[in-house]
Structures are given as C-alpha cells and as structure tokens.
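The block underneath contains the structure these notes are about, expressed in structure tokens.
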Amino acid sequence: QVQLVESGGGLVQTGGSLRLSCAASGTIFSIDFMSWYRQAPGLQRELVARIIDDGNTNYANSVKGRFTISRDNAKNTVYLQMDSLEPEDTAVYYCNANVKYYAGGATFRHWGQGTQVTVSS
C-alpha cells in the first residue's frame, strides 16, 4: 500500500557530499515522522536522523553538524544532505516513514529498499 523509493547514494571521496532522497507513495493520509537509518557490514542498523511533521529534528551524535535532514510534506519526501563525509559513514542507508492510512487510523512503519553510500579514504 505504501512504497518508499530512495535515491542519491553512490561513491564519494572523504570530505565530499551526497544528498539522499526518499519519496513515499500509495495510500497516505499523513506521515508523522520520517527517518534515515544506516547499516554498515557486521553492525546493527542505527538511526541517523529523524524529522517530525512539525519540522523538529534529531540526529545521531556521529553526524551532528555534518548531516541535515529535511522534508517536503506536500511531496511526502524526505532528504538527507550529507557533508564532510568520512569513511565511517559508509553503509546502506534506509528511509523509514511512520504512515497513517486514513484519518483517525493507526500508524504503520514502512522501509525503503536502501541505497549504498561508500566513502573512500
């Protein structure tokens, strides 16, 4: 019923920048928060950044000051601007959205398929 499609990953050198996008489509009444997670090989998936529908944000300590999350509510799209990238940022990045299908309904979490970000040293 809901699809999240990510784009913008790739290979970049240390100190470079990338911008990830994630567009949600399908049966959507509202999305209360949208997030980016990442998972490096052998490690658990971790929260990178989250943005609430009122615009409030929070970030993992490791990315504060380097990454910026934003959203376009009209397009049900979330972005992650990643600057000053480091090899430690190499991971598969996943988009996550907490979706309400209709007014007064429950919310359900949806995941994108992931996009690879590789930072070379």
Ratio of Rg to Rh over the chain (Cα coordinates, Kirkwood Rh, two decimals): 0.98
Rg(Cα)/(2.2 N^0.38 Å) for the range 1-54, N = residue count: 1.37
The range 12-97: chymotrypsin sites (Phe, Trp or Tyr not before Pro) in DSSP coil with no more than 16 other Cβ atoms inside 10 Å: F29
Euclidean distance of C-alpha centroids, the range 61-121 and the range 6-30, integer Å: 7 Å
Charge tally in the Cβ shell below 13 Å around I51, where Lys, Arg are +1 and Asp, Glu are -1, I51 excluded: -2
Sparse-neighbourhood loop sites, trypsin sites (Lys or Arg not before Pro) in the range 50-90 - DSSP loop, at most 16 other Cβ within 10 angstrom: K64, R66
Using alpha carbons only: equivalent-ellipsoid semi-axes of the range 59-121, gyration tensor based, whole Å: 28, 13, 10
Candidates A97, A74, A40: whichever shows maximal mean-square fluctuation once the chain is modelled as a Gaussian network with Cα springs under 10 Å: A74
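Values quoted throughout were computed directly from the atomic coordinates according to the rules given, and no laboratory measurement underlies them. All of these numbers come straight from a predicted model, not from anything done at the bench. Heads up, the Cβs are rebuilt from the backbone with ideal geometry, glycines too, and the neighbour counts pull from every protein chain shown.
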